[in-house]
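The values are calculated or read from the model by the stated rules, or taken from the named source; none is laboratory data. Just so it is clear, the model here is predicted, and its values are computed rather than measured. FYI the Cβ positions are ideal-geometry reconstructions off the backbone, even for glycines, and counts take in every protein chain you see. What goes into the accessible areas is simple: the full protein's heavy atoms, side chains included, and nothing from ligands, DNA or RNA. Shrake-Rupley method; radii C 1.70, N 1.55, O 1.52, S 1.80 Å.
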Amino acid sequence: MSGLLVKLHEAGVSPWLDNLKREMFADGSLAKLIKEGGVRGQTSNPSIFQAAITKGQIYNEAIAEMAKRGLDAEAIVWEIMVNDVRTACDIFMELYKESQGEDGFVSLELDPTKAKDTEASLKQARELVERVNRPNLMIKVPATPEGFPVVTELIAAGVSVNVTLLFSVAQYDAVIDAWMKGLEKRIQDGKSLEGVNSVASFFISRVDTEADKRMDKRIQDDPALAERYQQYRGKIAVANARLAYELFLKRTSEPRWLALKKAGAAVQRPLWASTSTKNPHYKDTIYVDELIGANCVNTMPDNTVTAFDDHGVIAQTLTAEHIADAHKVIDAFSAEGFDLSDITENTLMSEGVDKFAVAYTKLVEAVKEAVAKLA
């Protein structure tokens, strides 16, 4: 590999891999990505596991064995995910220790069908922490109103948390509060903040996809708008994320955070997620190149890792100047009559929870089918 991911880290962004499949352990590719490629963490979700199980045969033996033991499809799903995440945690453990607990994390998502059930999510999170039993596990909690108390309670209990499905700056502000409340509660309980880490996963490409869809709808009615709207293509998602980064800088300069930092807290880094380019007309590394600054994480699928390693651009793109430009882009987009908050807080947040729930259901169904075939 070219070493660009290492340089990306030196520029302030920790590159994480947005993929997890058992083949990575067997063929040594994950270990190689860590040691030679510069990958510093890993995220997973139901869609990733569904693809891993349905597109290969590596899980067949384990599925057949668990079915013989009387486990149903859903229990098998969680056994597979827990085992794979635990193995990945072990592979990242050396980096976790070397980075003094900053990187080397592997994320495991809670059952997305329970996203609106605080108590059920908390119960499952505690069970998963115990089952995986690794200090570099991160529990992924959706940034729903019901998820915020889960974040607070897990942080207070000393569990590292990846808050996922963030689309709006207002939503991100609430996530920061939930995280800080957890740290403050932990201090009140007389417990150490050491080893308690968190990232806030801000989704990128889906914002452009939805913005493009809304512009395209207007252009159908008035083709003359096509040229005027061109200035917004591939700009809205990055601008939205830059405004989130502006909030991150603001909230981590306030007395509330400085007191927590003094008590030993690690900062909750913004994590840029959904960074593969969906529009073929956009550069395939746009959502990495354009979001480089201090204290960030970027989780990339395999194709984006490969693309960035080949032709990514290392430059600071989260400066005050870039943030000022982001305000101009969003203001102009709003002046055209587009509602960014409706895109992010209504459409994308609702779709995000539903899509993860559908992916989880499909994952369970895929295992059911595998059990039937292997019986």
request  = Looking only at segment 255-288, count how many residues are free of Cβ contacts under 8 Å to residues at least 40 places away in the same chain and open to solvent by less than 10 Å² (accessible area, probe 1.4 Å).
outcome  = 1
query = Quick check: anything in segment 11-21 part of a helix (DSSP H, G or I), modelled with pLDDT of 95 or more and more than 18 Å from the chain's Cα centre (by Cα)?
reply = no
Number of the exception - Gly12 against (1) free of Cβ contacts under 8 Å to residues at least 12 places away in the same chain; (2) in contact with a Cys (Cβ under 7 Å, 6 or more places away or on another chain) = (1)
key: Odd one out for Val161 among (1) closer than 21 Å to Phe248 by Cβ; (2) touching a residue at least 60 places away in the same chain (Cβ under 8 Å); (3) not acidic (Asp, Glu)   = (2)
ask   = Among Arg126, Arg186, Arg86, which is out of contact with any strand residue (DSSP E or B) (no Cβ under 6 Å at 6 or more places or on another chain), of a type in the set (D, E, K, R) and buried (at least 21 other Cβ atoms within 10 Å of the Cβ)?
value = Arg186
ask   = Has segment 96-113 got at least one residue that is open to solvent by 10 Å² or more (accessible area, probe 1.4 Å) and of a type in the set (A, V, I, L, M, F, W, C)?
value = no
request  = Give the residues of segment 25-70 that are closer than 30 Å to Gly312 by Cβ and not in a helix (DSSP H, G or I), sorted by residue number.
outcome  = Asp27, Gly28, Gly38, Val39, Arg40, Gly41, Gln42, Thr43, Ser44, Asn45, Lys55, Gly56
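Any idea which of Ala157, Ala174 is closer than 18 Å to Ala273 by Cβ, open to solvent by 10 Å² or more (accessible area, probe 1.4 Å), out of contact with any strand residue (DSSP E or B) (no Cβ under 6 Å at 6 or more places or on another chain) and not hydroxyl-bearing (Ser, Thr, Tyr)? Write out each step before concluding.
On the way: Ala157 fails: closer than 18 Å to Ala273 by Cβ.
Going through Ala157, Ala174 in turn, just one is closer than 18 Å to Ala273 by Cβ, open to solvent by 10 Å² or more (accessible area, probe 1.4 Å), out of contact with any strand residue (DSSP E or B) (no Cβ under 6 Å at 6 or more places or on another chain) and not hydroxyl-bearing (Ser, Thr, Tyr): Ala174.
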task = Answer yes or no as to whether Ala265 is small (Gly, Ala, Ser) and within 28 Å of Met93 (Cβ to Cβ).
result = yes
task = Working only within segment 302-313, note down all residues that are aliphatic (A, V, I, L, M) and either in contact with a strand residue (DSSP E or B) (Cβ under 6 Å, 6 or more places away or on another chain) or surrounded by fewer than 17 Cβ atoms within 10 Å (Cβ to Cβ) (or both).
result = Val313
note = Condition set open to solvent by less than 20 Å² (accessible area, probe 1.4 Å) and either in a helix (DSSP H, G or I) or in contact with a Cys (Cβ under 9 Å, 6 or more places away or on another chain) (or both), scope segment 325-339, selection nearest to Thr144 (Cα to Cα): answer is Ile330
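With respect to Arg251, is the statement that it is under 29 Å from Pro135 (Cβ atoms), touching a helix residue (DSSP H, G or I) at 6+ places or on another chain (Cβ under 6 Å) and open to solvent by 10 Å² or more (accessible area, probe 1.4 Å) true?
Numbers: under 29 Å from Pro135 (Cβ atoms): yes; touching a helix residue (DSSP H, G or I) at 6+ places or on another chain (Cβ under 6 Å): yes; open to solvent by 10 Å² or more (accessible area, probe 1.4 Å): yes.
The answer is yes for Arg251.
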ask   = Restricting attention to segment 25-51, which residues are modelled with pLDDT under 95 and open to solvent by less than 10 Å² (accessible area, probe 1.4 Å)?
value = Gly37, Ser44, Pro46, Phe49
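Taking the options Val305, Val313, Val353, Val329, name whichever one is in contact (Cβ under 8 Å) with a residue 60 or more places away in the chain and over 18 Å from the mean Cα position of the chain (by Cα). Explain how you work it out, then say what you get.
Numbers: Val305 fails: over 18 Å from the mean Cα position of the chain (by Cα); Val313 fails: in contact (Cβ under 8 Å) with a residue 60 or more places away in the chain; Val353 fails: over 18 Å from the mean Cα position of the chain (by Cα).
The unique qualifying residue is Val329.
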